[in-house]
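Okay, structure first, notes after.
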Amino acid sequence: MTVFALGPEEQEWCAAVRAMTAERLRPLAERGEPGRVNRPLVAALGELGLLRRLFPADGAPRALDLCLLRESLARECTEAETALALQGLGAHPLVRSGTEAQRARWLPEVAAGRAIASFALSEPDAGSDAAALSLTAEPDGPDGWRLTGEKCWISNAPEADFATVFARTGGAGARGVTAFLVPAGRPGLTGARLDMLSPHPIGTMVFDGTPVTRADVLGEVGGGFAVAMATLNLFRPSVGAFAVGMAQAALDAALAHAGARTAFGGPLKDLQSVGHQLAEMATRVESARLLVYAAASAYDMGAPGIVRRSAMAKLLATETAQYVVDAAVQIHGARALRRGHLLEHLYREVRAPRIYEGATEVQRSIIARELYRN
Ligand SMILES: Cc1cc2nc3c(=O)[nH]c(=O)nc-3n(C[C@H](O)[C@H](O)[C@H](O)COP(=O)(O)OP(=O)(O)OC[C@H]3O[C@@H](n4cnc5c(N)ncnc54)[C@H](O)[C@@H]3O)c2cc1C
């Protein structure tokens, strides 16, 4: 495939993922409780083999595979998309930096959808500036630490079965951070659910002298920030793919509605301002999609400029999705705002990706910095 078009096999695979999402996953998502981990849904993602795509036998997934999977899921069911993405985000540090024993214990369970993963980096006083995190790992004997502090806005917390937790073992800044794999139920670990506009489960994690040992470390002591950044580098274009999937779903709904709804003696689509709006939406969705595919392909090929490309893809796609979903609401009129309408749901879902995994402004700062590199 080129970066400009998918080959027939990839198109068929995306169509198959969309069909199984609509048939098998959407009904499970509809039965879920908002803000709670939907275990039957995650188990079905495992049974359908979709989670296994995130954990291929030969190591990390292809970034483009991850994007196509996320885009296809998002077009049909955002809950299924998010549940899959969070398994990947929470477990990728294990794939990349875990020991044989850690991987053998957790990856088969995550890939089967039996164990729920989470990625715990953000804190109340360290969001965009993640290197300022203050969860403390105090030495405890020759081979262990005790974690004390709080993580906040953590997807799947506090229900996840394990979390990749980033804590300060050494000095200030990025170099003093170590990644730990912390299973649920460790002494001193509690948490609470947060009721958010974003419909997926999010909460806090509170550590009160929680013990961890060298066997829980992911990668090197002091190398945790690199573990976090490597995970985010892989996932950043795929947040864009999630956004593109939502934008396409909104565009499809707007096209159908504007073709069917009559006003002033004809279908809405024949009003020039509506037709132009649809054209603008379609053009922006296509350009965002191409940038996402290009960034993911560059990642897979090890091409230069991955940081800049990934930031551009995430920035453009998430901002585009917000624009397109809002425009689709406008074309639908009042009915789009009715609770339970697809666009009412997308309007709530589309907001958070402009903030997490690097807010829009942070992506712009990254791009600006990269423009002056070399
Ligand atoms: C739905 C949802 C799910 C999340 N899931 C997780 C998770 O699973 N794990 C996890 O660790 N975290 C998660 N987060 C947290 C997320 O990563 C943080 O919200 C994000 O990093 C921003 O941090 P903050 O909210 O503290 O905002 P702040 O860092 O306080 O930033 C607020 C605003 O300031 C501006 N700003 C900040 N820095 C800069 C800059 N350098 N240049 C220009 N402008 C800037 C931006 O407009 C930004 O939106 C989630 C958040 C949400 C909303």
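The values are calculated or read from the model by the stated rules, or taken from the named source; none is laboratory data. From a predicted model like this one, the values you see are computed outputs, not experimental measurements. Because the Cβ atoms are built from the backbone with ideal geometry, glycine has one as well, and the counts that use them run over all protein chains shown. Note: accessible area is taken over every heavy atom of the protein model, side chains too, but ligands, DNA and RNA are not part of it. Shrake-Rupley method; radii C 1.70, N 1.55, O 1.52, S 1.80 Å.
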Sequence order, segment 160-170: Karplus ³J(HN,Hα) from phi using 6.51 cos²θ - 1.76 cosθ + 1.60, θ = phi - 60°, Hz rounded, Gly and Pro as x, gives 4, 7, 7, 10, 8, 10, 9, 9, 8, 9, x
So the carbon and sulfur contribution to the accessible area of segment 272-344, 1.4 Å probe, in percent, is 57 percent
If one compares the long axis through the Cα atoms of helix 224-260 with the longest principal axis of the Cα atoms of the chain, the angle in degrees, nearest 10, works out at 20 degrees
From DSSP H assignment alone, runs of 4+ in the chain each adding -39500 (n - 2.57), the sum over residues rounded to the nearest 500 puts [θ] at 222 nm at -17000 deg cm²/dmol
Check: C-alpha center segment 76-93 vs C-alpha center segment 145-205, spacing in Å is 17 Å
The FRET efficiency for ALA263 and ASP208, from their Cβ-Cβ distance with R0 = 56 Å and rounded to 0.05, is 0.40
What the Cα atoms of the chain span along the principal axes, largest first and in whole Å, is 80, 51, 39
Counting as exposed only chymotrypsin sites (Phe, Trp or Tyr not before Pro) in DSSP loop states with no more than 11 other Cβ atoms inside 10 Å, the longest exposed-site-free span of the chain is 5-263
For THR283, the accessible surface traced by a 1.4 Å probe with all protein chains present amounts, in square angstrom to the nearest 10, to 90 Å²
Excluding ligands, DNA and RNA, the carbon-plus-sulfur percentage of the accessible area of segment 144-216 with a 1.4 Å probe reads 55 percent
